[in-house]
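Q: Dropping a structure here in structure tokens format, bear with me for questions.
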Amino acid sequence: MARFAIALHGGAGTLIKGNMTPDKEKAYKKVLSEALQKGYTVLENDGAAVDAVQEAVMCMEDSALFNAGKGSVFSANGTHEMEAAIMEGKTRKAGAVALLTGIKNPISVARDVMEKSQHVFLLGQGALEFAKSMDHVLQDSKYFYDEFRYQQWQEIKGSSQFQLDHSKSKNSKFG
Amino acid sequence: TVGAVACDRRSNLAAATSTGGMTNKMIGRLGDSAVPGAGNYANNKTCAVSCTGSGEYFLRGVVAYDVSCLMEMKNMTLQEAAEEVIQRRILEIGGDGGLIAVDAEANISLPFNTEGMYRAFQTSDGVAGVKIYKD
């Protein structure tokens, strides 16, 4: 049997060391470790890479610490619009969703788009209807509310600024 | 943004990426790293990649696919291709962020050009780590 491996990320940016308390750092590392363990266990038990990455990502989506799923940031109108994508290297099948609201685990919807639809990318209402038809878990706005994320939004609400999950505001224009 | 890449015992690769976008982003804005090709890609011939950072730049750079192309067309190693994209190409267009990648031999690469990237990794050889800042 060949070697196997898993790697994961929980976002990048200007992670000011002064803002990172030992307790916060411990909390982030705890979730990262749990996600890593879930994914690695799949591989260790001869599972497929696609199952391992889904497990790991779902674990992080269920944490309020990371900007995905439960921890998603506030968009300009105070909602949470999520995106997710998954791809298999053997078949090069891919599935993705975007502008999706109210779904607990967007990555699992992307997986179903890949495996159970004839499409690659579903957006907005269409993605939500597809998720519902596949019995994905729905959550109301209370589930996605986080005081820290709310305050982040309040700082720039009403302006044209936006902010990466772990960075300062960015004003530069995109081409 | 969160993501994972893996190489299983059969050398099959996969990548997953999920994000809540950007705080105060315009409604209807699509374009974080969870877009196939831009921030998420897998090909057993080359690598599996999941990106994080300023999504628009990853779209413009078709970053995840670019890593794969550099390996396939220029015979770069995973590490060389990932470093080339994150430490040079994406910076040239003003982008910031990082990626995680794995190839079919279970080599991993986790470059980023920001102050930190929440990341973790484990191989069947016993190499493992959970890190935030550049060490």
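Q: For a paramagnetic label modelled at 7 Å from the Cα of A:E155 toward its Cβ, which residues of the stretch B:1-28 fall within the zone defined by backbone nitrogen distances under 16 Å?
A: B:22-25
Q: How large is ³J(HN,Hα), in whole Hz, for each residue of the stretch B:124-135 in order, when computed from phi with the Karplus curve 6.51 cos²θ - 1.76 cosθ + 1.60 and θ = phi - 60°, using x for Gly and Pro?
A: 5, 7, x, 7, 8, x, 10, 9, 10, 8, 5, 9
Q: Roughly how compact is chain B, stated as its Cα Rg over 2.2 N^0.38 Å to two decimals? Please report the intermediate quantities before stating the final value.
A: Values: Rg = 14.0 Å, N = 135, 2.2 N^0.38 = 14.2 Å.
Rg over 2.2 N^0.38 Å, computed on Cα atoms: 0.98.
Q: What whole number of Å gives the distance from the Cα centroid of the stretch A:55-127 to the Cα centroid of the stretch B:63-135?
A: Centre-to-centre distance over Cα atoms comes out at 22 Å.
Q: Per residue of B:85-98, count partner chain C-beta atoms within 10 Å of its C-beta, then hand back the mean as an integer.
A: Details: counts 0, 1, 0, 0, 0, 0, 0, 0, 2, 5, 1, 6, 7, 4.
Per residue, the number of nearby Cβ atoms from other chains is 2 on average.
Q: Give me the inter-chain shielding for A:90-103: mean count of other chain Cβ atoms within 10 Å, whole number please.
A: The mean count of partner-chain Cβ atoms within 10 Å per residue comes to 4.
Q: Okay, moving on. So for the stretch A:52-175, averaging the separation of alpha carbon pairs under 8 Å that are six or more residues apart and normalising by length, what relative contact order in percent results?
A: Rounded, it is 22 percent for the stretch A:52-175.
Q: Next up: Quick one: P(r) of the protein assembly as shown from all Cα-Cα pairs, 10 Å bins, percents rounded to integers, in order of increasing distance.
A: 7, 32, 38, 20, 3, 0
Q: While we're on this one: Return the sequence-ordered ³J(HN,Hα) values of the stretch B:22-37 in whole Hz as given by the Karplus equation 6.51 cos²θ - 1.76 cosθ + 1.60 applied to θ = phi - 60°, using x for Gly and Pro.
A: Listing the rounded values in order: 10, 4, 6, 5, 4, 4, x, 5, 10, x, 8, 6, 8, 10, x, x Hz.
Q: At q = 0.11, 0.19, 0.22, 0.27 Å⁻¹, what log₁₀ I(q)/I(0) does the stretch A:33-104 have when each alpha carbon counts as one equal point scatterer in the Debye sum?
A: Taken in order of the listed q values, log10 I(q)/I(0) reads -0.32, -0.83, -0.99, -1.18.
Q: Going highest first, how would you order B:24-33, A:123-132 by mean Cβ packing within 10 Å?
A: Numbers: B:24-33: 20.6, A:123-132: 16.9.
So the peptides B:24-33, A:123-132, ranked by packing, come out B:24-33, A:123-132.
Q: Out of all DSSP beta bridges with both ends in chain A, state the antiparallel percent to the nearest 5.
A: Working: 8 of 12 bridges.
Approximately 65 percent, going by the DSSP bridge assignments.
Q: Given a Förster radius of 22 Å and the C-beta distance between B:Q79 and B:R10 as r, what FRET efficiency does 1/(1 + (r/R0)^6) yield to the nearest 0.05?
A: Values: r = 23 Å, r/R0 = 1.04.
Plugging the Cβ-Cβ distance into 1/(1 + (r/R0)^6) gives 0.45.
Q: Sticking with this one: Regarding chain A, what whole-number volume in Å³ per residue does the convex hull of its Cα atoms give? Could the numbers behind the result be given before it?
A: Numbers: hull volume 26.8 nm³, N = 175.
Spread over its residues, the Cα hull of chain A gives 153 Å³ apiece.
Q: Moving to a separate point now. Which net charge results for the neighbourhood of B:D8, defined as the other residues with beta-carbon distances under 14 angstrom from its beta-carbon, given Lys and Arg at +1 and Asp and Glu at -1? All intermediate terms of the calculation are to be shown ahead of the outcome.
A: On the way: positive: A:R3, A:K90, B:R9, B:R10; negative: A:E44, A:D46, A:D51, A:E55, A:E88, B:D103, B:E105.
Taking every Cβ under 14 Å from that of B:D8, the sum is -3.
Q: Please average, across the residues of B:54-67, the number of beta carbons from any other chain that are within 10 Å of each residue's own beta carbon, and give a whole number.
A: Taking all residues of B:54-67 together, the mean is 2.
Q: Applying a 10 Å radius around every beta-carbon, put A:107-114, B:2-9, A:31-38 in order of their mean neighbour count, most first.
A: On the way: A:107-114: 26.0, B:2-9: 32.2, A:31-38: 21.1.
Order by mean packing, descending: B:2-9, A:107-114, A:31-38.
Q: Convert each backbone phi in the stretch A:131-139 into a coupling constant with the Karplus relation 6.51 cos²θ - 1.76 cosθ + 1.60 (shift: θ = phi - 60°), then list the ³J(HN,Hα) values in order as whole Hz, x for Gly and Pro.
A: Here the 3J(HN,Hα) series is 4, 5, 5, 9, 6, 6, 6, 9, 9 Hz.
Q: Once you order the gyration tensor axes a ≥ b ≥ c over the Cα atoms, which shape class does the stretch A:45-147 get: rounded for a/c under 1.5, otherwise prolate or oblate by comparing a/b with b/c? It would help to have the intermediate numbers written out before the result.
A: Values: a/c = 2.13, a/b = 1.41, b/c = 1.51.
Cα axes put the stretch A:45-147 in the oblate bin.
Q: Amide H of B:Y41 versus every other amide H placed in the peptide plane: which residues, excluding those fewer than 5 positions away on the same chain, fall under 5 Å?
A: B:V49
Read the figures in this text as sums done on the coordinates, not as results from a lab. In this text, all values refer to a predicted model and were calculated from it rather than measured experimentally. Counting neighbours? That spans all protein chains shown, and the Cβs are built from the backbone with ideal geometry, glycine included.
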